[in-house]
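The values are calculated or read from the model by the stated rules, or taken from the named source; none is laboratory data. Since this is a predicted model, take the numbers as computed values, not measurements. No Cβ is skipped: glycine too gets one built from the backbone with ideal geometry, and neighbour counts run over all protein chains shown.
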Amino acid sequence: MSFPKDFYWGGAIAANQAEGAYNEAGRGLARTDITTGGSLHARRQVTYEFADGTTGKGDFVPQGAHGKILADEYYPNHEGIDFYHRYKEDIKLFAEMGFKMFRMSISWSRIFPNGDEQEPNQAGLDFYRSVFEELRKYDIEPLVTISHFDTPLYLEEHYGGWNNRKLIDFFTHFTETIFNEYKGLVKYWLTFNEINNTIMFLEFVQKNPSDQAYQSAYQQLHYQYVASAKAVKQAHQIDPNYQVGCMICGICNYPLTCDPKDILANRYAWEQNIFYSGDVQCKGKYPTFAKRLWAKHNVNLDITAQDLEDLKEGTVDLYTFSYYMSTAITTHQQEDKVGGNFSTGARNPYLKYSEWEWADDPMGLQYYLEMIYDRYELPLMVVENGLGAVDKLEDGKVHDPYRIEYMKEHIKAMDKAIENGVDLRGYTSWGCIDLVSAGTGQMSKRYGFIYVDKNDDGTGSLERYRKDSFYWYKDVIASNGAKLD
């Protein structure tokens with residue numbers, strides 16, 4: 001195998017999907033705290049209340065209302081898997097597997113409950129310090145996502161969220177605080193999780209989005225790009241050893257046919273959904289095709305000369321991404337379509353699909369790695385990858401050969417990309433311990449090597465059980481990717 005001897009094998013979680021303790025130790029609310037559970041075909045919704053006491057739920061909080069936790073609704077993120085209270089137990093299990101790296105996120109509202117305070121919440125700072133110290137005890141390198149779909153709800157409701165330029169300053173105050181606080185404990189940071197989702201998932205949430213919706217999405221992205229760039233500069237000033245990366249939702253697109261219209265449509269999909277964000281964060285400037293994207297929806301951005309200078313000076317040190325599936329692009333009317341959880345488009349006849357309608361395509365990971373490394377020539381990390389599936393716990397055991405097979409083929413694809421010259425530094429599989437699904441709010445869509453006894457309705461003991469994949473991954477890490485069978 002081609003994996004370098006210091007390769008970072010590990011796993012990944014997110015604070016809002018795992019921690020729980022949503023209202024403990026001074027933490028403020030985030031949007032995930034007013035988000036209900038869902039399913040494969042029923043989208044999660046946010047709950048709200050109007051000034052007159054009328055309550056409701058929907059895809060967004062309507063004008064004149066504010067987010068509200070309702071007594072008759074179930075919010076799976078409130079408890080998560082209780083990582084907040086069980087992190088020592090969980091990290092010990094990660095160490096047993098031999099993890100070299102653990103990707104996690106910091107809940108912004110645990111450090112600054114509203115997001116606009118000057119002084120941080122000390123209890124929040126202390127919690128993450130304890131987590132990092134526990135990881136260091138086992139020589140596990142933390143990889144910390146600063147913003148993982150966790151903007152304080154107060155900032156969204158009182159400032160308009162990332163539509164407001166003021167959030168750049170709030171974010172950089174947050175990053176300055178944690179960069180100083182955890183100097184010497186954390187080396188690797190990621191600014192915004194799957195930053196490109198703002199554009200890519202717009203059509204999942206809205207049917208035929210308006211030009212105004214695109215205006216808002218591109219403006220939010222611009223302010224986040226600037227905030228990310230300023231954070232990179234800030235990190236390097238505070239500690240020259242800090243390594244800061246972008247994090248992209250990496251979906252590999254293929255043209256469904258060789259019709260030139262499909263070929264061009266596929267290229268445009270790569271440009272809008274993947275390269276647009278990567279170019280700004282890795283190259284420090286907007287790509288030439290940005291003007292075409294903006295013109296298509298009459299987008300007119302608030303961009304200052306200082307913004308452009310910040311983008312130029314704050315390029316990332318590494319490119320990280322999630323990879324679960326590929327998708328097929330076509331301009332033709334197609335009857336056989338994919339319609340699962342955050343998956344859409346034409347069905348690729350050459351691939352198998354999961355229960356959640358995600359294409360199983362390890363070669364797409366190799367393709368993505370080689371394409372991206374050629375474009376940016378930066379160190380890469382695959383920081384999310386895995387198979388969401390329904391697991392069965394019997395007599396304290398979970399037999400999950402389907403997960404082992406999925407991951408084995410994707411590890412082979414990474415090995416091939418490294419052999420072909422890609423500088424790949426790490427792999428942190430998603431949901432290394434079962435957690436709440438971001439898309440559906442389910443527990444039954446499980447990714448982990450560790451089974452958590454919790455059901456979609458919130459019942460369960462929260463006990464942890466090692467799956468067969470736990471022991472398999474332990475051997476993979478110990479052999480540096482050589483032992484896959």
For segment 64-78, which residues satisfy the criterion of being out of contact with any strand residue (DSSP E or B) (no Cβ under 8 Å at 6 or more places or on another chain) and either over 22 Å from GLY28 (Cβ atoms) or among the acidic types (Asp, Glu) (or both)?
ASP72
Quick test of your reading of the structure: SER228 fulfils all but one of (1) farther than 18 Å from GLU377 by Cα; (2) over 21 Å from the mean Cα position of the chain (by Cα); (3) not β-branched (Val, Ile, Thr). Name the failing condition by number.
(2)
Scan segment 74-83 and tell me whether some residue there is of a type in the set (Asp, Glu), part of a loop (DSSP other than H, G, I, E, B), within 23 Å of the chain's Cα centre (by Cα) and modelled with pLDDT of 95 or more.
yes
Taking interchain pairs and intrachain pairs at least six residues apart, which have beta carbon atoms under 9 angstrom, with the first residue in segment 52-72 and under 15 Å from LEU153 (Cα atoms) and the second among the basic types (Lys, Arg) and surrounded by 15 or more Cβ atoms within 10 Å (Cβ to Cβ)?
VAL61/ARG31; VAL61/LYS68; GLY67/ARG31
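Do you know which of the residues in segment 429-485 that are in a helix (DSSP H, G or I) and of a type in the set (Asp, Glu) is nearest to MET101 (Cα to Cα)? First the steps, then the outcome.
Taking segment 429-485 and keeping what is in a helix (DSSP H, G or I), we get 468-478.
With of a type in the set (Asp, Glu) added as a condition, the list becomes 468, 475.
Numbers: ASP468: 21, ASP475: 16 Å.
Ranking the qualifying residues of segment 429-485, first place goes to ASP475.
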Residue list for segment 47-71, filter: outside any loop (DSSP other than H, G, I, E, B) and more than 19 Å from PRO113 (Cβ to Cβ):
THR47, TYR48, GLU49, PHE50, THR55, GLY56, LYS57, GLY58, ALA65
Do we find a residue being free of Cβ contacts under 8 Å to residues at least 60 places away in the same chain and β-branched (Val, Ile, Thr) anywhere in segment 23-44?
no
A careful count of residues in segment 410-419 that are more than 17 Å from ILE372 (Cβ to Cβ) and more than 22 Å from the chain's Cα centre (by Cα) gives 1
Near pairs, Cβ below 7 angstrom, 6+ apart or cross-chain, from segment 96-108 (farther than 30 Å from ILE168 by Cβ) to any residue that is small (Gly, Ala, Ser)
GLY98/ALA478; PHE99/GLY10; PHE99/GLY11; LYS100/GLY10
Restricting segment 282-334 to residues that are β-branched (Val, Ile, Thr) and over 25 Å from TYR254 (Cβ atoms), the residue that is surrounded by the fewest Cβ atoms within 10 Å (Cβ to Cβ):
THR304
What are the pairs, 6+ residues apart or on separate chains, where a residue within segment 345-357 that is under 17 Å from GLU405 (Cβ atoms) and free of Cβ contacts under 8 Å to residues at least 40 places away in the same chain has its Cβ under 6 Å from a residue that is crowded, with 16+ Cβ neighbours inside 10 Å and of a type in the set (A, V, I, L, M)?
LEU351/ALA359; TYR353/ALA359
Could we say that GLY64 is at pLDDT below 95 and on the phi > 0 side of the Ramachandran plot here?
yes
